[in-house]
């Protein structure tokens, strides 16, 4: 009898051991949710600080050095990463709170947004002071995009076009117009191996020569609206509002695989040979799932269902982080789908988290979308 009792005790004891969570306790998550921005310990899920802005909804965030950058309706704001204290703000009608974060690179913040009947444009700001370096306006048009800077050229989708600018001076290098009939181009472009990719309001994903703007190829998706693409290891991934995620050969535009879900597919993130994304059923308001698929074949590795629409995700140091309209931020094992912790917020979590490691490496919307070609 004692042997059986001892055996049971050993089983219970082994099952109660804490989960070994990867990462470092100095890794920090920064998250915009509703009118608040949180700083959260990435390993334990405990709050470090929170800051609030009355009557303003924060976007996803970007970080460089000791400053955090976000945008609200008609404002770009810089906060201290250590305390959440506001350092500066810049006001412009061409800045929107569409959820996409500003881009920060080499002490310059680039922000672009616009909505119909409101000014649209892109602005470059000094990251330390918030002073304007240059700006470009296209007047009243629609479009909302996070820019990307590669080899001194800034690419951004605004209105019905993809623009290429000199990132230092703001001089327009070229403009590719998709159509004169569509409302706008709302996706954020990605660049790799001399090619810029974006989703168009013409129901296509388009690849252009990054230097000249000449078309390389296009992929039509019927009546579907494409989301922002992600590039990794020679494959271009993107979701649509018609329950599918696609994987294309980035050089040729040929289809490698597709996977059907139960709802609209969010922007993918690729890491660990897996592609991570959310599926949102807005029609029936149910079956909101987070998926991890094999990046080469599209087969399911693991999945998780929440009680609300799921926001953008980021993978850092073996952990995938994503939020939901159920007012929680989740941390899962990126490989196996084991839940490590959940962090409660006071509002829906639809934005992309931003993770900063102990070494200062930043994992966010921009960094997770453009990887090795």
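The values are calculated or read from the model by the stated rules, or taken from the named source; none is laboratory data. All values derive from a computational prediction rather than experimental measurement. Heads up, the Cβs are rebuilt from the backbone with ideal geometry, glycines too, and the neighbour counts pull from every protein chain shown.
Overview of values
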item: Matching entry among 100, 104, 63 (being under 23 Å from residue 164 (Cα atoms), surrounded by 18 or more Cβ atoms within 10 Å (Cβ to Cβ), within 21 Å of the chain's Cα centre (by Cα) and modelled with pLDDT of 80 or more); result: 104
item: Identity of the residue in the range 325-350, buried (at least 23 other Cβ atoms within 10 Å of the Cβ) and free of Cβ contacts under 8 Å to residues at least 60 places away in the same chain, that ends up farthest from residue 60 (Cα to Cα); result: 332
item: Listing of strands (runs of 3 or more DSSP E) fully contained in the range 215-274 that carry 1 or more residues being under 21 Å from residue 301 (Cβ atoms) and touching a residue at least 24 places away in the same chain (Cβ under 8 Å); result: 230-232, 235-239, 244-249, 255-260, 269-271
item: Test for residue 210: is it in contact (Cβ under 8 Å) with a residue 24 or more places away in the chain and more than 28 Å from residue 306 (Cβ to Cβ); result: yes
item: Residue 240 vs. criteria crowded, with 22+ Cβ neighbours inside 10 Å and either within 19 Å of residue 321 (Cβ to Cβ) or not assigned by TED's automatic domain parsing to the domain that holds residue 296 (or both); result: no
